[in-house]
Amino acid sequence: MAEFRYLETGAARASFNMGLDEAVLESVTSGAAKPTLRLYAWKPAAVSLGYFQGVRDEVDLDACAALGVDVVRRLTGGGAVYHADELTYSVVVPESHPLARGGILESYRSICAGVIAGLEELGVRAQFAPLNDIVSNGKKLSGNAQTRKHGCLLQHGTVLLGVDLDAMFTVLRVPSEKLRGKLIADVRARVSSVRSELGRTIPYEEAVVAFERGFGAAFGGLDDKTSPTPEELSSADLHAADRFESEAWTFKR
Amino acid sequence: MKGSYVGKPSRGKLLRMDMEWEDGLVVQISIRGDFFAHPENAFDEAEAALAGARVAELGDVFERELSARGVTLFGLTPVDVGAAAATIVVGAHNPDNGA
């Protein structure tokens with residue numbers, strides 16, 4: 001039996017996705033579950049905000065409402081992310097685990113090794129770019145964020161399978177319409193995707209297989225794919241309703 | 001008085017700050033951005049504890065409040081927060097400079 005439990009939960013709404021990451025963090029914290037890797041996606045598309053970001057600073061709420069894009073505040077810091085054509089992962093380990101040792105920077109590096117190995121499985125060569133990015137040919141492909149609570153570490157991050165910059169800049173706020181064109185050009189120069197790197201579309205299902213192999217190789221093996229426990233699922237629903245869908249949380253800053 | 005700051009400190013993440021102050025003392029402050037702080041809720045407490053602090057000493061006070069709660073920052077320093085506060089105050093007294 002491998003050291004890591006492996007969950008693949010498909011596409012779900014933003015509040016449930018964040019609720020399930022919190023539920024898994026709790027079950028690893030309590031000892032009810034062992035270190036866990038989860039792969040997932042977002043449906044509908046969503047914007048997730050860093051813990052310390054102001055929602056009105058970063059998100060065009062009217063555009064999100066009009067387009068049916070969810071908005072959720074994460075437990076983790078970092079920047080706002082538009083989640084559409086991507087694969088998302090979360091890793092939860094006790095702080096005593098080798099992946100969590102050596103300080104924040106080293107733990108980012110250790111966990112991101114799984115993302116880099118997954119990209120390699122797809123044929124994309126990528127490198128860790130401190131503090132929390134992964135780049136290929138100098139362009140960002142993946143952003144990552146972590147928090148530590150109750151003796152456990154949660155790191156989640158995205159891998160851009162494709163990127164629609166026009167949609168991204170419709171839902172994320174830019175300082176002014178005048179700057180929109182320049183910003184899109186700047187971001188186009190700094191952000192890439194698996195599709196851009198490979199010149200072909202990678203469906204989520206194909207990415208899952210690659211990242212299962214990549215994380216497995218980097219983490220010393222994964223258990224067979226399984227589902228969250230009934231307790232985790234009900235806890236995820238509770239967190240989704242009580243925290244991640246609440247205005248008090250979303251508009252905290 | 002009230003003022004705002006948006007900027008990217010050297011080697012830091014984006015920092016947005018709103019501050020209200022009176023007679024050189026902070027009445028209310030909001031520090032936002034894409035930085036990281038662990039534990040996050042202890043940062044919230046340290047930020048709230050800035051009410052009543054002298055604006056001129058904000059960086060030092062914030063450092064003490066964070067340190068007392070064991071908060072580690074990435075992409076932001078207490079010095080950045082103190083400098084942003086100074087920029088806000090200068091901007092308020094010299095509106096042409098813009099905060």
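If you go through the range A:217-246 and keep only what is farther than 16 Å from A:Gly19 by Cβ and in a helix (DSSP H, G or I), you end up with A:Ala217, A:Ala218, A:Phe219. For the residues B:Phe74, B:Phe36, B:Phe62, the requirement of being modelled with pLDDT under 95 and touching a helix residue (DSSP H, G or I) at 6+ places or on another chain (Cβ under 9 Å) singles out B:Phe74.
Would you mention how many residues in the range A:79-96 are away from every other protein chain (no Cβ under 12 Å), surrounded by fewer than 19 Cβ atoms within 10 Å (Cβ to Cβ) and in contact with a Leu (Cβ under 9 Å, 6 or more places away or on another chain)? The total comes to 1.
Candidates are the residues of the range B:82-99 that are at pLDDT 95 or above and in contact with a Gly (Cβ under 6 Å, 6 or more places away or on another chain); the one that is farthest from B:Ser10 (Cα to Cα) is B:Ile88. For the range B:13-70, the candidate set comprises residues that are among the acidic types (Asp, Glu) and within 14 Å of another protein chain (Cβ to nearest Cβ); within that set, the residue that is farthest from B:Ala92 (Cα to Cα) is B:Glu40.
Counting only strands (runs of 3 or more DSSP E) that sit wholly inside the range A:18-78, those with at least 2 residues that are within 14 Å of chain B (Cβ to nearest Cβ), hydrophobic (A, V, I, L, M, F, W, C) and under 16 Å from the mean Cα position of the chain (by Cα) are A:46-49. The set of residues from the range A:132-143 being buried (at least 20 other Cβ atoms within 10 Å of the Cβ) and among the aliphatic types (A, V, I, L, M) comprises A:Ile134, A:Leu141. Looking only at residues of the range A:121-177 that are more than 25 Å from A:Pro203 (Cα to Cα) and among the charged types (D, E, K, R), we find that the one that is modelled with the lowest pLDDT is A:Glu177.
The values are calculated or read from the model by the stated rules, or taken from the named source; none is laboratory data. Model, not experiment: these values are computed from the prediction. So basically every Cβ, Gly included, is an ideal-geometry build from the backbone, and we count neighbours across all protein chains shown.
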